[in-house]
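**Student:** Please find one structure pasted underneath; my questions will follow.
The values are calculated or read from the model by the stated rules, or taken from the named source; none is laboratory data. Since this is a predicted model, take the numbers as computed values, not measurements. Here the Cβ is made from the backbone with ideal geometry for all residues, glycine too, and neighbour counts use every protein chain on show.
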Amino acid sequence: MKLAARCLLALALSVPLSACAAARIPNTDVPDTRENQEVIQFAERYRRAVEQRDVRTLLTLAAPHYFEDGGTPTGDDDYGIDGLRRLLSTWSDTVREVRYECRYHRVDISEDGQRASVDYTFTGSFTLVRSPVQVPEGMLPPPESVFRTDPARAEQSNRDARESWHRRVADNRLELQKIDGQWRIVAGM
């Protein structure tokens, strides 16, 4: 009897403790709060726009003062909103069939609720379109220009191929700011 009573007591005590554990937004590591839900919903708009290669939506999600520092000590690779426009224009011409999955790990929102960061891991898979390399007759192309297609798609490797499937997994951070009451991306696209 004593053992059964102890088991029931342990079970009764464990239920309230598990109820106190922070609920997470489904399929994320992010605590389920109204503010976090709003930020994750915005990040999902961004993710869907990437998958749809929707340059117009991506640009509307960017802040007018968007700035990317490239992560290098020199400013050669830094760009603002105009550079983002050029990059996305080129991107839409050279990238096809995008799959962009995100696992959201953390959302930090400033005390005043006007800034936020979203840390996530993405798996990006995409088809890249390349222009064929012009090589004089009788010469071999440079090794870096030989274009190989994805053998899993039953395509043959050859130097005349136009598309190739690529995959990248990496961590990223979106930096957000509220502008006129709406979240906008200020860095991290």
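**Student:** Hey, does region 166-184 have a residue that's assigned to a loop (DSSP other than H, G, I, E, B) and at pLDDT 95 or above?
**Tutor:** Checking region 166-184: at least one residue is assigned to a loop (DSSP other than H, G, I, E, B) and at pLDDT 95 or above.
**Student:** Select, from Ser92, Ser110, the only residue that is at pLDDT 75 or above and touching a strand residue (DSSP E or B) at 6+ places or on another chain (Cβ under 8 Å).
**Tutor:** Ser110
**Student:** Of the residues that make up region 149-161, is at least one on the phi > 0 side of the Ramachandran plot and either of a type in the set (D, E, K, R) or at pLDDT below 60 (or both)?
**Tutor:** Yes, there is a match, as at least one residue in region 149-161 is on the phi > 0 side of the Ramachandran plot and either of a type in the set (D, E, K, R) or at pLDDT below 60 (or both).
**Student:** Pick out the one residue from Ala10, Ala21 that is out of contact with any strand residue (DSSP E or B) (no Cβ under 9 Å at 6 or more places or on another chain), at pLDDT below 95 and within 21 Å of Arg103 (Cα to Cα).
**Tutor:** Going through Ala10, Ala21 in turn, the sole match is Ala21.
**Student:** Touching a strand residue (DSSP E or B) at 6+ places or on another chain (Cβ under 6 Å) and either modelled with pLDDT of 55 or more or of a type outside the set (Asp, Glu) (or both), is that true of Val133?
**Tutor:** Against the criterion (touching a strand residue (DSSP E or B) at 6+ places or on another chain (Cβ under 6 Å) and either modelled with pLDDT of 55 or more or of a type outside the set (Asp, Glu) (or both)), Val133 does not qualify.
**Student:** Going residue by residue through region 69-83, is there one that turns out to be in contact with a helix residue (DSSP H, G or I) (Cβ under 7 Å, 6 or more places away or on another chain) and not hydroxyl-bearing (Ser, Thr, Tyr)?
**Tutor:** No; the residues of region 69-83 include none that is in contact with a helix residue (DSSP H, G or I) (Cβ under 7 Å, 6 or more places away or on another chain) and not hydroxyl-bearing (Ser, Thr, Tyr).
**Student:** Moving on. Given the conditions (1) loosely packed, with under 12 Cβ neighbours inside 10 Å; (2) of a type outside the set (Phe, Trp, Tyr); (3) without any contact (Cβ under 8 Å) to a residue 24 or more places away in the chain, report the number of the one that Pro64 does not fulfil.
**Tutor:** (3)
**Student:** Pairs needed: first member in region 119-130, surrounded by fewer than 16 Cβ atoms within 10 Å (Cβ to Cβ); second member anywhere, assigned to a loop (DSSP other than H, G, I, E, B); C-beta distance under 7 Å; at least 6 residues apart or different chains.
**Tutor:** Going by the 7 Å Cβ cut-off, the qualifying pairs are Val129/Arg162; Arg130/Phe147; Arg130/Arg162.
**Student:** What pairs come up if the first residue lies in region 72-90 and is under 13 Å from Met189 (Cβ atoms), the second is in a helix (DSSP H, G or I) and of a type in the set (Val, Ile, Thr), and their beta carbons are under 9 Å apart, counting only those six or more places apart or on different chains?
**Tutor:** Arg85/Val55; Leu88/Val55
**Student:** I'd like the full set of residues that are outside any strand (DSSP E or B) and either surrounded by 11 or more Cβ atoms within 10 Å (Cβ to Cβ) or under 18 Å from the mean Cα position of the chain (by Cα) (or both), limited to region 67-85.
**Tutor:** If the condition is that a residue be outside any strand (DSSP E or B) and either surrounded by 11 or more Cβ atoms within 10 Å (Cβ to Cβ) or under 18 Å from the mean Cα position of the chain (by Cα) (or both), then Asp69, Gly70, Gly71, Asp77, Asp78, Ile81, Gly83, Leu84, Arg85 are the ones that fit.
**Student:** Can you find even one residue in region 94-106 that is touching a residue at least 40 places away in the same chain (Cβ under 8 Å), in contact with a Phe, Trp or Tyr (Cβ under 7 Å, 6 or more places away or on another chain), not in a strand (DSSP E or B) and not charged (D, E, K, R)?
**Tutor:** Within region 94-106 (the criterion being touching a residue at least 40 places away in the same chain (Cβ under 8 Å), in contact with a Phe, Trp or Tyr (Cβ under 7 Å, 6 or more places away or on another chain), not in a strand (DSSP E or B) and not charged (D, E, K, R)), the answer is no, since none of the residues qualifies.
**Student:** Continuing with this model, one more query. Would you please list the contacts, defined by Cβ atoms under 8 Å and residues six or more apart or on different chains, that run from a residue in region 32-46 that is at pLDDT 95 or above to a residue that is small (Gly, Ala, Ser)?
**Tutor:** Asp32/Ala22; Asp32/Ala23; Glu35/Gly113; Val39/Ala116
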